[in-house]
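Below: one structure, written as structure tokens.
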Amino acid sequence: MGSLDLPYASSFKGGSETFLQNVFESILKTYLRKNPMAKTIWELVKSVDNEKISYDHFFFRTFKVDGYGIDSLSSFFMDYGYKVGGRLDFPKKKVQVLWLSPPDVHVPDNGYGIGNGLLPRLVIAELLVDELSLESQGIIRKYLKPEGGKQAVLSSTLGSLIWEKPTSTDFNQLAKESEFAAWTLVYGYTMNHLAFAVHRLKHRFSDIKCVKEYFEEKGFELNKDGGVLKVSQDGLLLQVSAMSEKLVVEFADGVTQTVPASYIEFVERLVLPQFKDMPRDEIKEFHRREGLEQASAYHIMESTRFTA
């Protein structure tokens, strides 16, 4: 897996570790406030696992145009020690994805959450706008203001669009060519999904198969694209995601319609073969399978699919 040609910082420059944690907490609160079903799942995990929640990654969508793409978010977090881990390309979707590994921070043995646990990986996707039709390019570009991408992190924490609310006509026209584009035009930099780190949970949810069975029994719709349980080729990365709930969106022209919002994912990273005989209480995150899986990531993105 390659990496983008981006500089990275090896230590904090922009401020304190606490400030970075507060930014993540604000992004999380906005995501939970705007996505009732995701909040319900989050609260169920929290109740079953006695509040010992850990996050694998936070995922965002962007437009690769005029400073609104991956770098509009990554540059801020790289100032706080995040490093480029790798990238994936999805030519069919006209999307590329960059993932960032978190900085080393002191984590207590029983640390959890954002304030006391490992920081989440960041996964940032960007739509290659220049590869869309001229009509779709024109729709996107008319909403994006010069230099607006500089406010990406603030937009994520507030859950507010940097650009004007789109019309239903523009949204539906864009959706015909790219659901990714239409989703991003409506929701902007609001977190697309969070992923729980199943392998860091302590109780029933520490096994992703139990997670799958639990939420199926509760009646939640899980993403079946590529199979409900998505397994990497090496068998060491296991993923399950819920389908996004559809929320009512009011467009600039007064039209309302339902649009898939954000969702929740579960990730279990198994121990690498060379460390399989280590005592369980000595296993750290770096002893486990790292990175993303091309095929699984493609299927996971279908969690916001507009049509059946």
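The values are calculated or read from the model by the stated rules, or taken from the named source; none is laboratory data. Values in this document were obtained by computation on a predicted structure and should not be read as measured data. When we count neighbours, we look across all protein chains shown, and the Cβ atoms used for this are built from the backbone with ideal geometry, even at glycine. Just so you know, the surface numbers come from the protein's heavy atoms only, side chains and all, with ligands and any DNA or RNA stripped out. Shrake-Rupley method; radii C 1.70, N 1.55, O 1.52, S 1.80 Å.
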Next on the checklist: Against the conditions (1) in contact with a helix residue (DSSP H, G or I) (Cβ under 9 Å, 6 or more places away or on another chain); (2) outside any loop (DSSP other than H, G, I, E, B); (3) of a type in the set (Val, Ile, Thr); (4) over 23 Å from Leu122 (Cβ atoms), where does Thr258 fall short? Just the number, please.
Outcome noted: (1)
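Being in contact with an Asp or Glu (Cβ under 8 Å, 6 or more places away or on another chain) and open to solvent by 20 Å² or more (accessible area, probe 1.4 Å) is the filter; apply it to the range 285-308 and report the residue that is farthest from His106 (Cα to Cα). Please lay out each step first, then the result.
We begin by selecting, within the range 285-308, every residue in contact with an Asp or Glu (Cβ under 8 Å, 6 or more places away or on another chain); these are 289, 299-300, 302-306.
Now drop any that are not open to solvent by 20 Å² or more (accessible area, probe 1.4 Å), which leaves 289, 299, 302, 305-306.
On the way: Arg289: 21, His299: 34, Glu302: 36, Arg305: 39, Phe306: 41 Å.
Looking at residues that are in contact with an Asp or Glu (Cβ under 8 Å, 6 or more places away or on another chain) and open to solvent by 20 Å² or more (accessible area, probe 1.4 Å), I get Phe306.
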Checklist outcome for this item: Residue hits (the range 183-199; assigned to a helix (DSSP H, G or I) and either open to solvent by 10 Å² or more (accessible area, probe 1.4 Å) or under 30 Å from Asp253 (Cα atoms) (or both)) are Trp183, Thr184, Leu185, Val186, Tyr187, His199
Checklist entry - Does the range 20-37 contain any residue that is touching a Gly at 6+ places or on another chain (Cβ under 8 Å), assigned to a loop (DSSP other than H, G, I, E, B), surrounded by 19 or more Cβ atoms within 10 Å (Cβ to Cβ) and not small (Gly, Ala, Ser)? => result no
Checklist outcome for this item: Among residues of the range 86-102 being open to solvent by 40 Å² or more (accessible area, probe 1.4 Å) and part of a strand (DSSP E or B), the residue modelled with the lowest pLDDT is Arg87
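Taking Leu238, is it under 25 Å from Asp104 (Cα atoms), in a strand (DSSP E or B), among the hydrophobic types (A, V, I, L, M, F, W, C) and open to solvent by 10 Å² or more (accessible area, probe 1.4 Å)?
yes
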